[in-house]
Amino acid sequence: MVFPPLDRALKEWPAAIAALANGDSILLLRKGGIQEPQGQFWPATTAVWLLPSIEHQQPEALRVPAEAIAHEVPEQLELSVWAEISQAIPLPAHFPLTDLSASTVWTTAFLEQRRHWKPEQPLWLLVLRTYRVPESRSLAWQASYRGCRSWITLAEPLSRQDSEPVLSDRAFADQWQAIAEILQRGGLTLDGLPTAAHAAD
């Protein structure tokens, strides 16, 4: 498949990007920052580079070894993973988060904290199909990438040539099936969303 160059990016903590890049997770749970357009998080694009950021990172919020937590981001970034956002689902206010937490790098306590910030806005569940490029794309960190916002337009589009999915169709479908079952147990109706079988087609 041919993927055109891409200049959109989603800022995320390095530990979460690593889990996506390793195939350990296909989920992000996001609320957005105070500088989002219209003041709220909204998944307005379907493909993004995953841009490491440590803004507001809380080591105690992560279920990963301490040595796996990045404490700085280099001025010269090397981007090697991007993702298709295959689902963007606003979670109900009282949806149980414990089982979803186990599919992410975050603790349940942190996800509850994230949900209760701006309680009038939903916590978004993003299902991502992550891809790797064979050679990382160099990108100089710019002041315009800073700030409490999720979505970034890069200084120039970066090539996605020869990208390969991190997970096979079957492996991705299996993870999505497990997540869909968690959502259904929590009372979320998935009418209109693709099943795992469709995801593997």
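The values are calculated or read from the model by the stated rules, or taken from the named source; none is laboratory data. Bear in mind that the values here come from a model prediction, so they are computed numbers and not experimental data. Cβ atoms come from the backbone with ideal geometry, glycine included; neighbour counts cover every protein chain shown.
Kindly evaluate Leu79 against the criterion of being modelled with pLDDT of 90 or more, farther than 19 Å from Ala21 by Cβ and not polar (S, T, N, Q). Criteria not met by Leu79. Of the residues Arg129, Arg160, Arg170, which single one is in contact (Cβ under 8 Å) with a residue 24 or more places away in the chain and more than 22 Å from Thr46 (Cβ to Cβ)? When all the criteria are applied, what remains is Arg170. Considered as a group, the residues in the stretch 27-53 that are touching a helix residue (DSSP H, G or I) at 6+ places or on another chain (Cβ under 9 Å) and part of a loop (DSSP other than H, G, I, E, B) include one that is modelled with the lowest pLDDT, and that residue is Gly32.
Kindly indicate whether Thr189 is at negative phi, modelled with pLDDT under 95, in contact with an Asp or Glu (Cβ under 8 Å, 6 or more places away or on another chain) and of a type in the set (Ser, Thr, Tyr). So Thr189 does not fit the description; no. Any chance the stretch 101-116 includes a residue that's within 23 Å of Val48 (Cα to Cα) and out of contact with any Leu (no Cβ under 9 Å at 6 or more places or on another chain)? The answer is no, given that none of the residues of the stretch 101-116 is within 23 Å of Val48 (Cα to Cα) and out of contact with any Leu (no Cβ under 9 Å at 6 or more places or on another chain).
Residue-by-condition table, conditions (1) touching a Ser or Thr at 6+ places or on another chain (Cβ under 6 Å); (2) assigned to a loop (DSSP other than H, G, I, E, B); (3) at pLDDT 90 or above:
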residue	(1), (2), (3)
Pro74	no, yes, no
Glu112	no, no, yes
Leu126	no, no, yes
Arg137	no, no, yes
Asp162	no, yes, yes
Leu167	no, yes, yes
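Checked against the criteria, Asp24 does not count as modelled with pLDDT of 95 or more, more than 14 Å from Val127 (Cβ to Cβ) and in contact with a strand residue (DSSP E or B) (Cβ under 6 Å, 6 or more places away or on another chain).
Evaluate the following for Ala83: is it surrounded by fewer than 16 Cβ atoms within 10 Å (Cβ to Cβ) and aliphatic (A, V, I, L, M)? Considered against the rule, which asks whether it is surrounded by fewer than 16 Cβ atoms within 10 Å (Cβ to Cβ) and aliphatic (A, V, I, L, M), Ala83 comes out as no. The residue of the stretch 92-127 that is farthest from Ala16 (Cα to Cα), among those that are surrounded by 15 or more Cβ atoms within 10 Å (Cβ to Cβ) and β-branched (Val, Ile, Thr), is Thr108.
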